[in-house]
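Here the structure is laid out as structure tokens; the discussion comes afterwards.
No lab work stands behind these numbers, since they all come straight from the coordinates. Keep in mind that what you see is a predicted model, and the values were worked out from it rather than measured. Neighbour counts are summed over all protein chains in view; Cβ atoms, including those assigned to glycine, are modelled from backbone coordinates with ideal geometry.
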Amino acid sequence: MRGLETDHDQVPQEINPNSAPFSLPTQGVRFLVESQNPDGGWGFHAALSSATEPTAWAVMGLDACAGHVECRQSEEKGFAWLEECQLQDGSWPAHLGQREGSWVTSAACLALASKRCWLIGDPEEALAKGLRWLVKSWPGEGNPWWRLRRAKLKLRPASRRDSGLRGWGWTPKTSGWVEPTALALLALQAAPRELHPKDAQKRIRLGQAMLLDQALATGGWNSGSSDSYGYAARPQPGPTAWALMALREQQHGPEIVAGLDWLCQIHSQVKGFFSFSLVCLCLNLWGVEYGLSHLENAFSTGSKPISPMAIGWALLAITPPEGPPGPLRAPEI
């Protein structure tokens, strides 16, 4: 999904870190405005066809820098694209024109729940429909049929985790994973409580418990199981960042403390602007100083092309944390 053919030839100007003054908010906003597609969305890279995930994070990044007139115009176009992309059942597909929703629904809902992003025709109804779809979207494992089938086939469990703690999968009725579970929790936690559908709190509790159950004994999280086929999994920066962001409302139990300690220890070793911006976003939400100069350096010297999604994360990463998980405010530019 992340390598579709380009649909136009417009490519934004390269970022010049030597321009004076260099400012991550200014340069980041400029990049997002110039890399926006004519249809209002963003691709995974400039000049790629628009997709739900990068569009959602791009508008959240622009919303964090809402003091600039160009931000508001691009933001409105981005939300118009998201509005057009939503399916009748309330979900969002990865790309406009696809007929089945997926985990990117969480990213779209998170964007709609942000503080200033009430720009489309009926955002509350669009968000409520998306949340209803999320709450009804169960992963395949853990149901009675799944357990019976594994018992009949005498399949060895893929992990020691509790299969009754069900999160979210990348697509409906497939296995649950850390990242889509965390993103769904972030969307539900950021949305107004009055828009929560029935059983939303139950899903939130199950998802949080599933993430805690998946935590590694050494600290941090892996994309999937904590113990697969007898082999201990190794922690990864991305899944650890997502899990910690989703568990920010939880009491600071041993799994969270160990995961945060691990991420603090290795964050300066994370390579690439894409991964590093996500880690910085997580640390920022937890109130951990990560070094803005390091993030700016990763931004200006990172490999090209730069992802609009990573720019959105970086703009949110320079935002002072305030309130529950979700889109936050950033300094005006």
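Determine the gain in length on full extension of the stretch Thr174-Cys264; use 0.36 nm per residue of separation and subtract their C-alpha separation, reporting nm with one decimal.
So the extension gain works out to 29.2 nm.
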Report summary line: Karplus ³J(HN,Hα) for region 123-138 (6.51 cos²θ - 1.76 cosθ + 1.60, θ = phi - 60°; Hz, whole; x = Gly/Pro) runs x, 5, 5, 4, 5, 4, 5, x, 5, 4, 5, 4, 5, 7, 8, 9
Report task. Highest first, please rank the peptides 213-224, 198-209 by the mean number of other Cβ atoms sitting within 10 Å of their residues. Result -> 213-224, 198-209
Query raised in the report: Ranked from highest to lowest mean number of other Cβ atoms within 10 Å per residue, what is the order of the peptides 248-257, 79-88, 36-45?
Result: 36-45, 79-88, 248-257
**Report entry** For region 196-275 and region 44-92, distance of Cα centres in Å
**Finding:** 27 Å
Requested in this report: Hey, can you grab everything whose amide H is under 5 Å from the amide H of Leu48? Only 5+ residues off in sequence or another chain; H modelled, so Pro and N-termini drop out.
Outcome: Gly43
Report task. Please compute the net charge surrounding Glu100, taking Lys and Arg as +1 and Asp and Glu as -1 over other residues with Cβ under 13 Å from its Cβ. Result -> +1
Report task. Quick one: plug the Kirkwood hydrodynamic radius of region 231-323 (C-alpha pairs) into Stokes-Einstein at 4 °C, 1.567 mPa s, and report D in µm²/s. Result -> 96 µm²/s
Report summary line: Mean Cβ-within-10 Å packing, highest first, puts peptides 50-58, 304-312, 286-294 in the order 50-58, 304-312, 286-294
Query raised in the report: For the modelled label position 7 Å from the Cα of Ala80 along Cα-to-Cβ, which residues of region 26-57 have backbone nitrogen atoms closer than 18 Å?
Result: 33-43, 50-52, 55-56
